[in-house]
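All remarks here apply to the structure that follows.
The values are calculated or read from the model by the stated rules, or taken from the named source; none is laboratory data. Remember, it's a predicted structure, so these values are computed and weren't measured experimentally. Cβ coordinates were reconstructed from backbone atoms using ideal geometry, including for glycine residues, and neighbour counts include every protein chain displayed.
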Amino acid sequence: MKILKAVLPGLVVLAAVLALRVTDPFLLQEQVRLFTFDTYQRVSPRPYAPVPVRIVDIDDATLAREDLQWPWPRTKVAELVVALANAGAAVIAFDVTFSEPDRTSPGNVLRIWSAVSDVDALAPALRDLPDHDELLADLVGQAGNVVLGYALLDAPDGARPSVRAGFAHAGADPRRFLTPYRGAVVNLPNLESAAAGHGFFSFRPHPLDLVTRAVPLVGRWREELRPSLAAESLRVFQGAGSYVVRSTGASDAMAFGGLNAMLEIRIGRFIVPTTPEGEFRLHFTRPVAERYLPAHTILDGSFDPATVEGAIVLIGTSATGLRDIRSSPLNSAMAGVEAHATAIEQILLGHHLVRPDWTDGAEFVFLVVAGLSLVFLTATAGAIVAAVAAVLVLALAGGGALYLFVEHRVLIDPVGPSVAALAIYLTTTLIGYARSERQRRDIRSAFRRYLTPALVERLAENPELLRLGGERREMTFLFCDIRGFTSIAEAHQSDPEGLTRLLNRFLTAMTDVIDGHRGTIDKYMGDAIMAFWNAPIDDPDHAVHACAAALEMQRALETLNAALVREATEEGRTPTLIRIGVGINSGPCLVGNLGSQQHFDYSVIGDAVNLASRLEGQSKAYDVTIVIGERTRELAPDFVCLELDRIAVVGKTQPTTIHTLLGDPGDPATAEIPGAVEPLVAAYRARDWAGVLEIADRQYGSFGGRFDKLIIIYAERATTFMADPPLEDWDGVYRARSK
């Protein structure tokens with residue numbers, strides 16, 4: 001029942017998301033899918049491969065050079081046809097329509113002039129000149145490979161578009177899947193009869209963002225099928241006689257879920273997959289100069305005929321004023337003719353972007369599986385585990401989808417289902433958070449004044465920890481004590497409030513540092529602090545963080561002392577300066593709630609804890625601020641340290657090597673100290689008493705006298721052993737007599 005209560009809100013959200021996905025009333029799914037597929041193209045555009053497809057571009061430069069108003073005289077168009085035919089173009093396809101008679105033909109000029117002047121004398125000569133449209137039609141017929149383009153319209157206007165090839169179909173009638181056009185803007189009859197083929201160049205960008213992502217290969221004019229300009233160019237290129245359209249219902253052609261759709265079209269030897277609506281998906285390249293030939297280079301003969309020999313040549317325009325500029329996923333200003341050229345290139349290369357009929361079902365299943373998994377993981381394993389699982393699943397889905405696109409050109413959308421699954425995760429997480437926040441808030445309120453923030457948070461997340469018991473783990477422990485606190489207290493006998501303020505300022509500053517380095521304050525013992533790392537929060541670098549905290553405590557103490565001096569000077573009294581000793585040790589212990597059934601405390605016990613306390617006491621004996629144990633040095637090897645001694649502290653028989661912590665890793669201010677002072681220790685261990693005294697004499701007073709106490713200790717030991725040498729089994733261990 002508890003699990004059902006936890007997962008029920010998530011299941012409701014999942015059901016709502018699935019309902020929205022099926023209906024998609026705001027077209028959000030479609031917008032995300034378009035964005036995803038466009039991103040694929042930007043990440044992995046189609047590499048350009050040389051194929052026999054060229055665009056003769058009536059660009060701005062051509063219009064400026066020819067200095068002719070568009071549309072050009074048909075004689076100028078005829079020049080293009082003749083030049084390309086002579087160069088060996090396999091197909092010449094026009095992405096323009098010649099729907100009106102040429103206004104510059106002699107007969108048309110005669111009618112225009114006769115309205116404003118007497119042209120009777122010129123009339124016989126003009127009538128004898130050839131009509132420009134007839135001239136172009138003759139040249140088109142002679143070329144035998146010209147495909148004329150025309151426009152399909154929604155309005156019932158214009159004549160019936162001519163067709164040079166028939167259509168056959170297998171499966172369902174393809175007209176069911178095509179948007180019907182009722183009108184057309186066609187070419188002049190004499191041009192139509194002379195052309196080798198006719199194809200419509202109309203295509204609609206996507207209505208959501210007006211971006212061109214596909215072009216039709218077959219269209220529906222009223223109840224008749226018509227080929228597109230790209231399809232007809234390919235048919236003429238191969239000398240094929242008809243088209244075959246294959247739809248669902250043909251043999252071995254069943255769409256996922258039984259949905260009806262167009263599947264492919266056969267153009268000569270090419271079998272081309274289509275969208276369910278009969279369009280061909282375009283995979284664009286980056287801009288390729290090799291694809292384009294400015295029309296003026298054809299007209300003036302400056303082009304290389306080899307570039308068009310045997311090629312399908314599309315004549316179109318990129319000129320700004322001619323309004324055939326489209327937007328693609330890679331280019332916000334693409335010439336419309338490039339869409340047709342891209343389709344032909346892909347078909348010649350066999351490079352098809354496909355979205356198989358199983359993809360919708362796969363995306364739906366992915367959403368259901370991911371959604372259910374996140375709902376149950378959030379309810380049972382927690383939000384963090386569910387988040388990690390979600391990130392891994394979504395990363396695999398995104399990577400897999402991108403792999404399918406790059407390697408197999410399959411379009412599958414992981415983003416839409418992933419976003420929906422994440423919405424489910426966020427909703428269920430928020431609901432779970434709202435349910436548990438009151439319990440957490442109560443726990444925080446009850447314990448925040450008695451326990452560290454880290455422990456309070458852990459108890460808030462895991463209330464079951466409020467019981468007796470503990471766990472074994474390796475930890476690092478820190479003890480900090482004010483040197484000479486008895487004298488400081490005596491100086492404040494008449495001002496106990498001032499002593500309290502001073503102690504609070506000190507403890508606050510040190511606590512801020514320890515908290516900032518992920519430590520847990522165990523307890524305050526008068527002027528002393530006990531802290532530890534790696535509990536209750538796991539901290540693999542516990543020794544490193546403890547050492548960094550100790551060094552930061554030194555710096556924080558310097559700041560506090562500077563403030564105390566400044567305040568005392570302003571008030572005309574003697575400042576109270578604070579010095580500390582710090583002991584750090586690492587080792588195994590038992591950590592947890594220790595005490596009685598009525599009252600317990602979160603603390604640690606173990607030999608390593610006691611040693612840390614003893615090391616703090618030794619800091620005074622060696623006149624250094626920070627003493628760290630052997631295991632801590634092993635776990636934090638990069639810090640600058642100076643070996644002090646090998647010592648058996650009071651109450652222990654096993655010796656340990658102790659060091660003083662000097663600086664952070666790579667600290668240039670302290671890096672030279674170990675190399676200068678440690679030879680003293682080495683000579684002592686080697687029983688080189690004279691060497692100890694020689695090094696002590698040389699190093700005494702160096703580094704501002706910072707290590708003079710250590711030097712004196714070893715000099716005194718060497719002097720003693722020179723007079724009374726130790727036994728042969730002497731191990732160099734100093735056995736401390738005080739804590």
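Can you tell me which residues in region 201-222 are among the hydrophobic types (A, V, I, L, M, F, W, C), farther than 16 Å from residue 265 by Cα and in contact with a strand residue (DSSP E or B) (Cβ under 6 Å, 6 or more places away or on another chain)? Even if it seems obvious, please write down each step before you answer.
The initial filter retains those residues of region 201-222 that are among the hydrophobic types (A, V, I, L, M, F, W, C), namely 201, 203, 208, 210-211, 214-215, 217-218, 221.
With the extra rule that they be farther than 16 Å from residue 265 by Cα, the set shrinks to 201, 203, 208, 210-211, 221.
Selection gives 201, 203, 221.
Please state which one of 107, 141, 149, 158 is under 27 Å from residue 218 (Cβ atoms) and at pLDDT below 85.
Values: 107 fails: under 27 Å from residue 218 (Cβ atoms); 141 fails: at pLDDT below 85; 149 fails: at pLDDT below 85.
Selected residue: 158, the only one of 107, 141, 149, 158 that is under 27 Å from residue 218 (Cβ atoms) and at pLDDT below 85.
Return the total of residues in region 32-86 being of a type in the set (Gly, Ala, Ser) and under 22 Å from the mean Cα position of the chain (by Cα).
So the first thing to find is which residues in region 32-86 are of a type in the set (Gly, Ala, Ser), and the list is 44, 49, 61, 64, 78, 83, 85.
From what is left, the residues that are under 22 Å from the mean Cα position of the chain (by Cα) are 44.
Matching residues across region 32-86 total 1.
For region 341-350, check the following and say yes or no: at least one residue is out of contact with any Pro (no Cβ under 7 Å at 6 or more places or on another chain) and farther than 30 Å from residue 293 by Cα. Before the answer, list the steps.
Filtering region 341-350 down to residues out of contact with any Pro (no Cβ under 7 Å at 6 or more places or on another chain) leaves 341-350.
Within this subset, residues satisfying the condition of being farther than 30 Å from residue 293 by Cα are none.
Checked against the condition, which is being out of contact with any Pro (no Cβ under 7 Å at 6 or more places or on another chain) and farther than 30 Å from residue 293 by Cα, region 341-350 yields no hits at all.
Looking for whichever is of a type in the set (A, V, I, L, M, F, W, C), surrounded by fewer than 20 Cβ atoms within 10 Å (Cβ to Cβ), assigned by TED's automatic domain parsing to the domain that holds residue 484 and not in a strand (DSSP E or B) here; the options are 594, 551, 577, 615. Which one fits?
On the way: 594 fails: not in a strand (DSSP E or B); 551 fails: surrounded by fewer than 20 Cβ atoms within 10 Å (Cβ to Cβ); 615 fails: surrounded by fewer than 20 Cβ atoms within 10 Å (Cβ to Cβ).
Selected residue: 577, the only one of 594, 551, 577, 615 that is of a type in the set (A, V, I, L, M, F, W, C), surrounded by fewer than 20 Cβ atoms within 10 Å (Cβ to Cβ), assigned by TED's automatic domain parsing to the domain that holds residue 484 and not in a strand (DSSP E or B).
Taking the criterion of being among the acidic types (Asp, Glu) and on the phi < 0 side of the Ramachandran plot, would at least one residue in region 618-627 satisfy it?
Here is the first cut: in region 618-627, the ones among the acidic types (Asp, Glu) are 623.
Cutting the leftovers down to on the phi < 0 side of the Ramachandran plot gives us none.
Within region 618-627, none of the residues are among the acidic types (Asp, Glu) and on the phi < 0 side of the Ramachandran plot.
Among the residues in region 518-525, are any closer than 22 Å to residue 614 by Cβ and either touching a His at 6+ places or on another chain (Cβ under 6 Å) or among the polar types (S, T, N, Q) (or both)? I'd like the intermediate steps shown before the answer.
Initially, region 518-525 is screened for residues closer than 22 Å to residue 614 by Cβ, giving 519-525.
Checking which are either touching a His at 6+ places or on another chain (Cβ under 6 Å) or among the polar types (S, T, N, Q) (or both) leaves us with 520.
Yes, region 518-525 has at least one match.
Whether any residue in region 259-266 is surrounded by 15 or more Cβ atoms within 10 Å (Cβ to Cβ) and either free of Cβ contacts under 8 Å to residues at least 40 places away in the same chain or over 41 Å from the mean Cα position of the chain (by Cα) (or both) is what I want to check.
Within region 259-266, one or more residues are surrounded by 15 or more Cβ atoms within 10 Å (Cβ to Cβ) and either free of Cβ contacts under 8 Å to residues at least 40 places away in the same chain or over 41 Å from the mean Cα position of the chain (by Cα) (or both).
Regarding region 638-651, can at least one residue be identified that is among the acidic types (Asp, Glu) and under 17 Å from residue 480 (Cβ atoms)? Before you say what the answer is, go through the steps one by one.
Quick first cut of region 638-651, residues among the acidic types (Asp, Glu) only: 638, 643, 645.
Subsequent filtering for residues that are under 17 Å from residue 480 (Cβ atoms) retains none.
No, region 638-651 contains no residue that is among the acidic types (Asp, Glu) and under 17 Å from residue 480 (Cβ atoms).
Considering only residues of region 684-707 that are in a helix (DSSP H, G or I) and touching a residue at least 24 places away in the same chain (Cβ under 8 Å), which is surrounded by the fewest Cβ atoms within 10 Å (Cβ to Cβ)? Outline the logic, then answer.
Just the residues of region 684-707 that are in a helix (DSSP H, G or I), to begin with: 684-685, 689-699, 702-705.
Within this subset, residues satisfying the condition of being touching a residue at least 24 places away in the same chain (Cβ under 8 Å) are 684-685, 689-690, 692-693, 702-703.
Numbers: 684: 24, 685: 14, 689: 20, 690: 10, 692: 27, 693: 17, 702: 14, 703: 14.
Once the filter is applied, the top-ranked residue is 690.
Quick check, is residue 735 charged (D, E, K, R) and either modelled with pLDDT of 95 or more or surrounded by 14 or more Cβ atoms within 10 Å (Cβ to Cβ) (or both)? Write out each step before concluding.
On the way: charged (D, E, K, R): yes; either modelled with pLDDT of 95 or more or surrounded by 14 or more Cβ atoms within 10 Å (Cβ to Cβ) (or both): no.
In short, no.
Kindly indicate whether residue 270 is surrounded by 17 or more Cβ atoms within 10 Å (Cβ to Cβ), closer than 22 Å to residue 148 by Cα, aromatic (Phe, Trp, Tyr) and in contact with a Leu (Cβ under 8 Å, 6 or more places away or on another chain).
Values: surrounded by 17 or more Cβ atoms within 10 Å (Cβ to Cβ): yes; closer than 22 Å to residue 148 by Cα: yes; aromatic (Phe, Trp, Tyr): yes; in contact with a Leu (Cβ under 8 Å, 6 or more places away or on another chain): yes.
Yes; evaluated as a whole, the condition is true for this residue.
When you scan region 311-408 for helices (runs of 4 or more DSSP H) that lie fully inside it, which ones turn up with 3 or more residues that are of a type in the set (Ser, Thr, Tyr) and crowded, with 16+ Cβ neighbours inside 10 Å?
Values: elements: 336-349, 359-380, 383-408.
Answer list for region 311-408: 359-380.
Could you count how many residues in region 618-669 are small (Gly, Ala, Ser), more than 18 Å from residue 586 (Cα to Cα) and within 53 Å of the chain's Cα centre (by Cα)?
3
Just to be sure before I move on: is residue 633 assigned by TED's automatic domain parsing to the domain that holds residue 554 and in a helix (DSSP H, G or I) in the structure I sent?
Values: assigned by TED's automatic domain parsing to the domain that holds residue 554: yes; in a helix (DSSP H, G or I): yes.
For residue 633, the condition - assigned by TED's automatic domain parsing to the domain that holds residue 554 and in a helix (DSSP H, G or I) - is met.
Return a yes/no flag: does region 287-295 have any residue that is in the same structural domain as residue 152 (by TED's automatic domain parsing) and farther than 26 Å from residue 335 by Cβ. Outline the logic, then answer.
The first filter runs over region 287-295 and keeps only residues in the same structural domain as residue 152 (by TED's automatic domain parsing), leaving 287-295.
Now restrict to residues that are farther than 26 Å from residue 335 by Cβ: none.
Within region 287-295 (the criterion being in the same structural domain as residue 152 (by TED's automatic domain parsing) and farther than 26 Å from residue 335 by Cβ), the answer is no, since none of the residues qualifies.
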